[in-house]
Each structure stands twice: as C-alpha cells, then as structure tokens.
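Asks: Have a look at the structure that comes next, please.
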Amino acid sequence: MNKKKYTIAQILPALNTGGVERGVVEISKALVENNFRSIVISSGGHMVSQITRNGGIHYNLDVHTKNPLKWTKIRGELKRVLESENVDLIHFCSRAPAWIGMPLGLILDVPIITSVHMRFRKSNFFKKYYNSILTKGNLIIAISKHIEESVKASFPEISDKIKIVNRGVDLKLFNSSQINPARIIAQSKLLNLKDNLPVIIMAARPALWKGYLVLIKALSKVKYDFQCVLIGAGDGSQKFQNILIKKILKLKLETKIKLVNSTRDIQAAMILGDLIVMPSLTPEPFGRIVLEAQALGKIPIAFDHGGASETIIDGKNGFLAEPVNTESLSKKISYVLSLKPSKREKIGVYAKKFVTKNYSHDRMCKLTLSLYKQCIAEYKINN
C-alpha cells in the first residue's frame, strides 16, 4: 500500500476502440486496485463506462483537437480539473493532449510521463517538431524495443529517459478454459465456418497496409485445403472491399476466403482458428494480436519486422516470414497447415507460457505503476 494516496491523471484524445484506449482502461483499474486515485481525461467514447465502473473518474474535455487556436482555452479547462483533483503526476498518452497540457507540469509543479505508441519515422521538420512533444516528459514510456529504437533515432539526446513497458494481454480474458462453448458455437455460425477444414484468421482494421492483399496472394500459393476469414475487412468502405474481392476473384479463391465484420467476441472467434496471421506491410509498433493468439494457444504468423520480431520466436511460439515476401509467407502458412495436431499443440503450450511470463496484463500494470512512483519520488528529490 502507498503511504500517500497518489492521484494520477491519464490524458488521451478519446476512449473508443484501440490499443492506447485499452491500455488506459487497464491502468486506471490497476491504479484503483493499488490505492491510487485514477483520473482519466478525454473527449469521451464508449469505453468511459469502463473507467467509472472500475472506480476511476472521467472528465470530458476536447483534448483531442489538433487546432492550436483552441489549445489555450482547453488548457485553462484542463488546469482547473487537474488543480481541483490535486494530481501528483500527469501521463500524456498521445501528441495532441500533450501539446495542450505539457506547460501545466511546470505551472502545477508536478512530473509528467509521456508514452509513445507509434514509430517516429524519418519525416519533414514539421512532423518531427509535432512528435517532439512526447520527448518532453520526465520519463518516456515506449511500448516496445522497436518503438524505443525509432525514438532514439530521431531524438538521441533523450535516450536515458526512455523506459520500455510492453503492452500486456489480459490472461483472464484470453483464456481458452474460460470461454463458454456457447460463445464458440455462436462465432462459428456468425463466421459461417465449414467443418473439418483448417481455419486461417486475420483480424485487423480495414486498411491495406495491414497486408490483406499480400495475404490473399500468399494463400493462392498454398496447396493445402483451408478456409480464411478476414475479420474486420467487412467494416471497410465499399471501395476497400471491392479491391479485396477483385483480388480474391482473380486468384479464384472465392470459395476459400471471406470478408466479415469485426466481432465483439474476438476471443471466441480466435479459438476457432488453427493459425492467426498478422501480415502488416509496415512494422507494427507492437502488434497485440500476436500475443492474444499465443495466450489462447494458437499459432501466429507475421512478418519479421517491428513488434512481431520481439514477440515471436520463430518455430517455437509462432512463425516469422521474410518481410513483405509473399513466397515466404505462403511457405510458413503451408508448413503450419502440414503440422500434426500434436506438434501444433506443443507450440501452443509454449506460446501460452511465453505470454504468461513476459507479456501479461498484470506485468504491464505493475511496471507502469512502479514508474509512476519512481517518477514522483525523483521529481520531489530534484525539485
């Protein structure tokens, strides 16, 4: 227990779907459970109820806006909230809120932590300047080694401030023994799966950089029988879906690949998969879907770049293909489909152990809360 009941404010653009948002909800819950007070400030969203249900306090402010002309007014509103809650530390989880609120660290005399969830690519001066706000915190959280390296490449002078805290998987949520058979049956009907055919699942946003076309082309080279479900592709625009459908028809895969909408029960859907593919064309900052698959004892396949290179040990808890190489991806998929059930199960068991040890939700929360306490203590000593 803390001697003082610290008050932590997490600030992000909105509380809708996404890895950043889920992380904020998880940390807020952990704060309350560990005798901290949790304040979350955003422009709102359907996940707000999760904050309040778990004992956190939410304030609705327009901290998502990228319009500098509005920042002064919002900064004043934010200052009043932070003052009234007597916060001990501010955690900015995105760039726009950081630009709005960063000056308040000095004004309120409290430390600031920022977290970086995306790569800092080589870009023009203005983009680099916009990104630079996330380097101004007393400590900087990078969600993977890949992200840490990208930040250091752009801002080598702040290397000593960066701490890696990987995103974690909720092992209670992604636990095959906790998933009711009725949920699995419901998802099987929803996805309209055929019996006795291996299932390949890709679950991603409807964006071409996620690798839909590369996967479709790779599957055209696979000689084994399979059925592939592109979960989330059905959420895309008609133009996006037409691009995929045209490719599927051209390669005569219309009986093997289907586009479906995202599901509210991704755990039950993934249980139905024999392998989970994440074929992102550009390196994922982290790629939590890989760990979620591993937690369920499933075999993930991804390109060997970005976060996937850190979470997949090729051949032990998943498989890595040569980046953006259709032939390599096809061979990895074919190999997994050729494996005996006992071999697949062995990989799945190892994958579960790997996630539990290195990437659990509890570990992420403990590391983050430890950094909060460290940052507050160091700030008091130095100021």
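Asks: Assigning unit charges at the beta carbon (Lys, Arg +1; Asp, Glu -1) and nothing else, what dipole magnitude in debye, to the nearest 20, does the chain show about its Cα centre?
Replies: That gives a dipole near 600 debye.
Asks: Rank Y212, A293, S338 by how far each Cα sits towards the positive end of the charge dipole of the chain (+1 on Lys, Arg Cβ; -1 on Asp, Glu Cβ) and give me just the farthest.
Replies: After comparing all options, I get S338.
Asks: With a cut-off of at most 13 other beta carbons within 10 Å, and DSSP calling the residue loop, which chymotrypsin sites (Phe, Trp or Tyr not before Pro) in the stretch 198-256 qualify? Please list them.
Replies: Y224
Asks: Counting only residues 5 or more places away or on other chains, whose amide H sits under 5 Å from the amide H of S94 once H atoms are built in the peptide plane?
Replies: S115
Asks: Skipping prolines and chain starts, which residues have an amide H placed within reach, meaning under 5 Å, of the one on R37, given they are 5 or more residues away or on another chain?
Replies: Y6, T7, I8
Asks: Counting only Cα, what are the radius of gyration and maximum Cα-Cα distance Dmax of the stretch 170-231, in Å?
Replies: Final numbers for Rg and Dmax: 14.2, 37 Å.
Asks: Filter the cross-link list K128/K210; K172/K380; K79/K172; K258/K331 down to pairs whose alpha-carbon distance in this structure exceeds 32 Å.
Replies: K172/K380; K79/K172
Asks: Choose one of Q238, V199, F226: the residue whose Cα lies farthest towards the positive end of the charge dipole of the stretch 188-250 (beta-carbon charges +1 Lys, Arg; -1 Asp, Glu; about the Cα centre).
Replies: Of the listed residues, the answer is Q238.
Asks: Under the rule of at least 5 residues apart or a separate chain, name every residue whose amide H is placed under 5 Å from the amide H of I164.
Replies: Under 5 Å from the amide H of I164 lie the amide H atoms of A142, each far enough along the sequence or on another chain.
Asks: Given the convex hull over the Cα atoms of the stretch 170-317, what projected area results after averaging over all orientations, in nm²?
Replies: 8.7 nm²
Asks: Also, I was wondering about something else. Can you give the charge dipole size of the stretch 176-358 about its Cα centre, rounded to the nearest 20 debye, using +1 on the beta carbon of Lys and Arg and -1 on the beta carbon of Asp and Glu?
Replies: I would put it at about 320 debye.
Asks: Right, next: Once phi is turned into θ = phi - 60°, what whole-Hz ³J(HN,Hα) does the Karplus curve with 6.51, -1.76 and 1.60 give for every residue of the stretch 285-292, x standing for Gly and Pro?
Replies: x, 9, x, 5, 4, 4, 5, 5
Asks: Which of the peptides 75-83, 138-146, 374-382 is most tightly packed, and how do the rest follow, going by the mean number of other Cβ atoms within 10 Å of each residue?
Replies: Output ranking for 75-83, 138-146, 374-382: 138-146, 75-83, 374-382.
Asks: Tabulate in residue order the Karplus-calculated ³J(HN,Hα) for the stretch 229-235, using 6.51 cos²θ - 1.76 cosθ + 1.60 with θ = phi - 60°, rounded to whole Hz; enter x for Gly and Pro.
Replies: 10, 9, 7, x, 4, x, 7
Asks: Using Cα springs under 10 Å in a Gaussian network model of the chain, which residue among K221, K346, K189 shows the largest mean-square fluctuation?
Replies: The residue with the greatest mean-square fluctuation here is K189.
Asks: Also, quick follow-up: As a test of the formula, what do you get for the chain when each DSSP H run with n ≥ 4 contributes -39,500 (n - 2.57) and the sum is divided by the residue count, at 222 nm and rounded to the nearest 500 deg cm²/dmol?
Replies: Taking each H run of at least 4 residues, the total per residue is -13500 deg cm²/dmol.
Asks: Here's a follow-up. Where nothing but the Cβ of Lys and Arg (+1) and of Asp and Glu (-1) is charged, how large is the charge dipole of the stretch 266-383 around its Cα centre, in debye to the nearest 20?
Replies: 540 debye
Asks: Going Cα to Cα from K239, which aspartates and glutamates come in below 20 Å? Please leave out same-chain ones fewer than 8 positions away.
Replies: Excluding near neighbours in sequence, the set is E254.
Asks: I need the fraction of alpha carbon pairs in the stretch 1-103 separated by more than 23 Å, rounded to a whole percent.
Replies: 20 percent
Asks: Roughly speaking, what is the centre-to-centre gap between the stretch 225-304 and the stretch 47-70 when only Cα atoms are used, to the nearest Å?
Replies: The distance from the Cα centre of the stretch 225-304 to that of the stretch 47-70 comes to 31 Å.
Asks: Hey, what do the phi angles of the stretch 38-48 turn into as Karplus ³J(HN,Hα) couplings, whole Hz, using 6.51/-1.76/1.60 and θ = phi - 60°, x for Gly and Pro?
Replies: 10, 10, 10, 10, 7, 8, x, x, 5, 8, 4
Asks: Shifting gears a bit: How long are the semi-axes of the ellipsoid equivalent to the stretch 304-383, from square roots of 5 times the Cα gyration tensor eigenvalues, in whole Å, largest first?
Replies: The answer is 39, 17, 6 Å, longest axis first.
Asks: Measure out, as a whole number of angstrom, how far apart the alpha-carbon centroids of the stretch 103-176 and the stretch 321-376 sit.
Replies: Comparing the Cα centres of the stretch 103-176 and the stretch 321-376, I get a distance of 22 Å.
Laboratory data are not the source of any read-out in this text; all were calculated from the coordinates shown. The structure displayed is predicted, hence computed values, not measured ones. Cβ coordinates were reconstructed from backbone atoms using ideal geometry, including for glycine residues, and neighbour counts include every protein chain displayed.
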